[in-house]
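**Student:** Provided herewith is a single structure, encoded as structure tokens, for subsequent inquiry.
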Amino acid sequence: MPENGRKVNCMNCPFCGKEMTKGFMGAGGFGLPAFLYWLDDAYFMQHTAVPAEKHKIIAAGGCVLKNLAGLTSTPNTFYACKDCGKLIGDIA
């Protein structure tokens, strides 16, 4: 942990000021309908694969965001504020 006591790669929510949780957003669902998901970084420390079904992502503490088609499966880093329901991250 850095000398100032803050975690590496942490971010405070610009809306409510609380600490956000680092995770990854990606596309899920085999075939249609596809969907966006977000999973906590800690999930990937213990698992090697993303759950294939929406209810399993939710059970793992993740979020299923929307049914979509034509998405890539490469996850991007996003921070989630579970207090006010905001996601902030890189889309490129």
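The values are calculated or read from the model by the stated rules, or taken from the named source; none is laboratory data. The shown structure was predicted, so the numbers you read here are calculated from the model rather than taken from an experiment. Here the Cβ is made from the backbone with ideal geometry for all residues, glycine too, and neighbour counts use every protein chain on show.
Matching residues to (1) surrounded by 17 or more Cβ atoms within 10 Å (Cβ to Cβ); (2) modelled with pLDDT of 80 or more:
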{"residue": "GLY28", "(1), (2)": "yes, no"}
{"residue": "LEU32", "(1), (2)": "no, no"}
{"residue": "ASP40", "(1), (2)": "yes, yes"}
{"residue": "PRO51", "(1), (2)": "yes, yes"}
{"residue": "HIS55", "(1), (2)": "no, yes"}
{"residue": "GLY62", "(1), (2)": "yes, yes"}
{"residue": "LEU65", "(1), (2)": "no, no"}
{"residue": "GLY70", "(1), (2)": "no, no"}
{"residue": "SER73", "(1), (2)": "no, no"}
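**Student:** Report every pair of residues separated by at least 6 positions or lying on different chains whose Cβ atoms are under 7 Å apart, first residue within the stretch 78-92 and surrounded by fewer than 20 Cβ atoms within 10 Å (Cβ to Cβ) and among the charged types (D, E, K, R), second at pLDDT below 85 and not in a loop (DSSP other than H, G, I, E, B).
**Tutor:** From residues that are surrounded by fewer than 20 Cβ atoms within 10 Å (Cβ to Cβ) and among the charged types (D, E, K, R), the pairs are ASP90/ASN76; ASP90/THR77.
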